[in-house]
Amino acid sequence: MSIPDDNLAALDLLDGAEQGFTLSVLDSSPDCIKLLEMDGRLSFMNSNGMCAMEIDDFAQVQGAVWPVMWPQESHDALADAMAEARAGRTRRFEAFCPTAKGTPRWWDVTVSPVRLANGEVTRILACSRDVTDIVTAREQLREQAMLLKAEVVLKDAALARQKVLLGEIDHRVKNSFSAVIALLRMQARIHADVDAGPLIGDAANRITTLSRVHEQLHLDPESGFVTLTDYVSALTQDLGQALNAHVEFTNHVQASVRVNPSQAAAIGQLLAELIGNAIKHGGKDRRTTVWVDVSAQGDRLMLRVMDDGPGLPADFDVDSVDGLGMQICQIYAQQMGGALTYGASPAGGASFDVDIQLDATSVGFS
Ligand SMILES: Nc1ncnc2c1ncn2[C@@H]1O[C@H](COP(=O)(O)OP(=O)(O)OP(=O)(O)O)[C@@H](O)[C@H]1O
Ligand SMILES: [Mg+2]
């Protein structure tokens, strides 16, 4: 191997002091640098190396076979690296070896050939860098990652259990709704000839919509909340199909908005009453079109339900109507810190606005 021309100037500067210079370089290195004979015996170790290996006197290790100084499990890696160096190649590996005083240490080891000017390999240079801190930090990170993984697995299992439980509760609530509806319908049939008959039928219808609201009330098992737009969109579609109306849903609320389950149930009930009214009073012999719009302003939510029916009666007064629907809407609107207002829709039908204040537990509002 020849010395590059640019480096020849350095040799001039050293002016024959190369040996002393080489020793200074070796001693200034923070690494543990060893010179080995071809058979692996230790001939030299720099002073920082002795310090790193906690060797007080080089005589303790001089002539010792280097691989033998390492724990058994590293012998193969060392033998391989030395064979490579003898063949003129460099090998790098990481291994554990305690110091002479038993302090545990990890080393990043580079084993390379030392050649004569003619290229012949005459010795082996082993340079070990103490990487104990890095390896320890890496181990800690690995342990933390494993702990995190275990936590995620536990959380997933808890979520899965919660999902099953929610499914089970859902199933039971549905069954209870069906049983109540069936019972009321039976009673309505039995009392069909008296005044109470149709009223019992109305109650059965109302509980049917309530069960539909419940069916669309899908809780996110992780947050326990309901995604508002998904819920309203599914509910309006479901009610439209069930009541044979054309329901168009427009959404102006961010997809991330979530509301707590009791608010979601109240919103669902309000929409069910208003959509039900639009269809019931929207003109008996035709397919009514209902527009449902949801928008938000700050932490207030606006629900609008409009139809293309005949519109509200001229003497309509929400506080003096006989029906239950308007009362339910007013109660829910008030409960949620809002109000129910009404007027005419652009299509000439009725228009109802419910403006509600969502409570602090709702998320995603800007
Ligand atoms: N979309 C609408 N179009 C026209 N009139 C409506 C509309 N919504 C409500 N009304 C009028 O308001 C009245 C009161 O509605 P409300 O929902 O309280 O009772 P209802 O629908 O008659 O009966 P219930 O809801 O108890 O089954 C209705 O009878 C109807 O005259
Ligand atoms: Mg009604």
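Number of residues in the range 345-362 that are within 16 Å of ligand 2 (Cβ to nearest atom) and farther than 12 Å from residue 274 by Cα equals 1.
In the set 199, 147, 165, only one residue is within 16 Å of ligand 2 (Cβ to nearest atom) and farther than 21 Å from residue 239 by Cβ; that residue is 199. Across the range 99-116, which residue is farthest from the chain's Cα centre (by Cα) among those that are within 16 Å of residue 89 (Cα to Cα) and either exposed (fewer than 14 other Cβ atoms within 10 Å of the Cβ) or in contact (Cβ under 8 Å) with a residue 40 or more places away in the chain (or both)? Filtering the range 99-116 for residues that are within 16 Å of residue 89 (Cα to Cα) and either exposed (fewer than 14 other Cβ atoms within 10 Å of the Cβ) or in contact (Cβ under 8 Å) with a residue 40 or more places away in the chain (or both), the one farthest from the chain's Cα centre (by Cα) comes out as 116. Please indicate, with yes or no, whether at least one residue in the range 106-122 is in contact with an Asp or Glu (Cβ under 6 Å, 6 or more places away or on another chain) and closer than 30 Å to residue 46 by Cα. Checked against the condition, which is being in contact with an Asp or Glu (Cβ under 6 Å, 6 or more places away or on another chain) and closer than 30 Å to residue 46 by Cα, the range 106-122 yields at least one hit. Can you say whether residue 327 is closer than 22 Å to residue 206 by Cβ and under 45 Å from the mean Cα position of the chain (by Cα), as far as the supplied structure shows? Yes; evaluated as a whole, the condition is true for this residue. Just one residue in the set 342, 332 is of a type in the set (Phe, Trp, Tyr), within 15 Å of ligand 2 (Cβ to nearest atom) and buried (at least 21 other Cβ atoms within 10 Å of the Cβ); that residue is 332. It is to be established whether one or more residues within the range 331-338 are more than 16 Å from ligand 1 (Cβ to nearest atom) and either within 28 Å of the chain's Cα centre (by Cα) or part of a strand (DSSP E or B) (or both). Among the residues of the range 331-338, not one is more than 16 Å from ligand 1 (Cβ to nearest atom) and either within 28 Å of the chain's Cα centre (by Cα) or part of a strand (DSSP E or B) (or both), which makes the answer no.
In this entry, residue 139 passes the filter for residues that are loosely packed, with under 12 Cβ neighbours inside 10 Å and either within 26 Å of the chain's Cα centre (by Cα) or among the aromatic types (Phe, Trp, Tyr) (or both). Just one of the listed residues (240, 197) is in contact with a His (Cβ under 7 Å, 6 or more places away or on another chain), assigned by TED's automatic domain parsing to the domain that holds residue 291 and closer than 20 Å to residue 278 by Cα, and it is 240. Just one residue in the set 68, 152 is of a type outside the set (S, T, N, Q) and in the same structural domain as residue 223 (by TED's automatic domain parsing); that residue is 152.
The values are calculated or read from the model by the stated rules, or taken from the named source; none is laboratory data. Please read these numbers as outputs of a predicted model, since none were measured by experiment. Reconstructed Cβ throughout: ideal geometry from the backbone, glycine too, with neighbour counts over all protein chains shown.
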